[in-house]
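Q: What follows is a single structure, and I will ask about it in a moment.
The values are calculated or read from the model by the stated rules, or taken from the named source; none is laboratory data. Every value quoted in this text rests on a predicted model; they were computed, and no experiment measured them. Ideal geometry is used to build each Cβ from the backbone, glycine not excepted, and the neighbour counts take in all protein chains shown.
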Amino acid sequence: MSQTLKKHLLIAAGSVALVLGMVGVVLPVLPTTPFLLVASYCYMRSSKRLYDWLMNHRILGPYLYDYIMYRGVRRRARTAALIFLWLTLILSGIIVDSLHIRLFLGVVGIAVTIHLFMLKTIEEEQPVE
């Protein structure tokens with residue numbers, strides 16, 4: 001496989017992962033962080049410009065940096081994620097008529113909540129290295 005083809009495939013895969021990660025922000029059953037990590041991995045190996053853009057993004061950059069460097073999350077980001085997660089899950093549970101889907105949404109919510117609390121808490125005043 002040529003280097004150019006590999007570069008273009010990694011950019012395409014990173015872009016698809018980025019879109020899926022962004023959709024995951026509003027759809028609680030689609031995991032945001034794994035897709036954003038895949039996007040950063042693909043961009044890092046294919047395009048310095050795209051990788052720098054993602055890591056310096058006003059919203060996503062600090063979140064990714066904290067997750068990659070510290071395997072942690074800032075208290076404010078965790079709180080916002082949990083509030084948004086549970087609000088969208090509750091809204092989805094009200095809209096959906098199926099008990100099975102409601103149970104699935106509850107399991108997803110509990111799993112994501114546990115994952116977020118298992119991450120190291122980075123205090124807001126802690127400097128970014």
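Q: Among (1) surrounded by fewer than 16 Cβ atoms within 10 Å (Cβ to Cβ); (2) touching a helix residue (DSSP H, G or I) at 6+ places or on another chain (Cβ under 9 Å); (3) within 27 Å of F104 (Cα to Cα), there is one condition R78 misses while meeting the rest; what is its number?
A: R78 satisfies all of (1) surrounded by fewer than 16 Cβ atoms within 10 Å (Cβ to Cβ); (2) touching a helix residue (DSSP H, G or I) at 6+ places or on another chain (Cβ under 9 Å); (3) within 27 Å of F104 (Cα to Cα) except (1).
Q: Please specify each residue of the range 57-75 satisfying the condition of being surrounded by fewer than 16 Cβ atoms within 10 Å (Cβ to Cβ) and β-branched (V, I, T).
A: Residues satisfying the conditions are I59, I68.
Q: Here is a further query. Could you tell me whether the range 101-115 includes any residue that is in a helix (DSSP H, G or I), touching a Phe, Trp or Tyr at 6+ places or on another chain (Cβ under 9 Å), closer than 29 Å to L5 by Cα and among the β-branched types (V, I, T)? Give the steps one after another, and end with the answer.
A: Quick first cut of the range 101-115, residues in a helix (DSSP H, G or I) only: 101-115.
Pick out the ones that are also touching a Phe, Trp or Tyr at 6+ places or on another chain (Cβ under 9 Å) and you get 109, 113.
Adding the requirement that they be closer than 29 Å to L5 by Cα leaves none.
Checked against the condition, which is being in a helix (DSSP H, G or I), touching a Phe, Trp or Tyr at 6+ places or on another chain (Cβ under 9 Å), closer than 29 Å to L5 by Cα and among the β-branched types (V, I, T), the range 101-115 yields no hits at all.
Q: Among (1) at pLDDT below 90; (2) of a type in the set (V, I, T); (3) in contact with a Lys or Arg (Cβ under 6 Å, 6 or more places away or on another chain), which single condition is T88 missing?
A: It is condition (3) that T88 fails.
Q: Moving on. Taking the range 66-100, which residues are within 17 Å of T32 (Cβ to Cβ) and either part of a loop (DSSP other than H, G, I, E, B) or β-branched (V, I, T) (or both)? Walk me through how you get there before you give the answer.
A: Going through the range 66-100, the residues within 17 Å of T32 (Cβ to Cβ) turn out to be 66-68, 71-74, 76-89, 92.
Result: I68, R71, V73, T79, I83, T88.
Q: Could you tell me whether H57 is in a loop (DSSP other than H, G, I, E, B) and either more than 24 Å from L105 (Cβ to Cβ) or at pLDDT 95 or above (or both)?
A: Details: in a loop (DSSP other than H, G, I, E, B): yes; either more than 24 Å from L105 (Cβ to Cβ) or at pLDDT 95 or above (or both): yes.
For H57, the condition - in a loop (DSSP other than H, G, I, E, B) and either more than 24 Å from L105 (Cβ to Cβ) or at pLDDT 95 or above (or both) - is met.
Q: So how many residues does the range 90-112 have that are surrounded by 16 or more Cβ atoms within 10 Å (Cβ to Cβ) and under 17 Å from the mean Cα position of the chain (by Cα)?
A: 3
Q: Could I ask something else about it? Can you tell me which residues in the range 1-25 are surrounded by fewer than 13 Cβ atoms within 10 Å (Cβ to Cβ) and under 11 Å from the mean Cα position of the chain (by Cα)?
A: Initially, the range 1-25 is screened for residues surrounded by fewer than 13 Cβ atoms within 10 Å (Cβ to Cβ), giving 1-6, 12, 19, 23.
Selection gives V19, V23.
Q: Between residues in the range 108-121 that are among the hydroxyl-bearing types (S, T, Y) and residues that are surrounded by fewer than 16 Cβ atoms within 10 Å (Cβ to Cβ), which pairs lie under 6 Å by C-beta distance while being six or more apart or on different chains?
A: Going by the 6 Å Cβ cut-off, the qualifying pairs are T121/R75.
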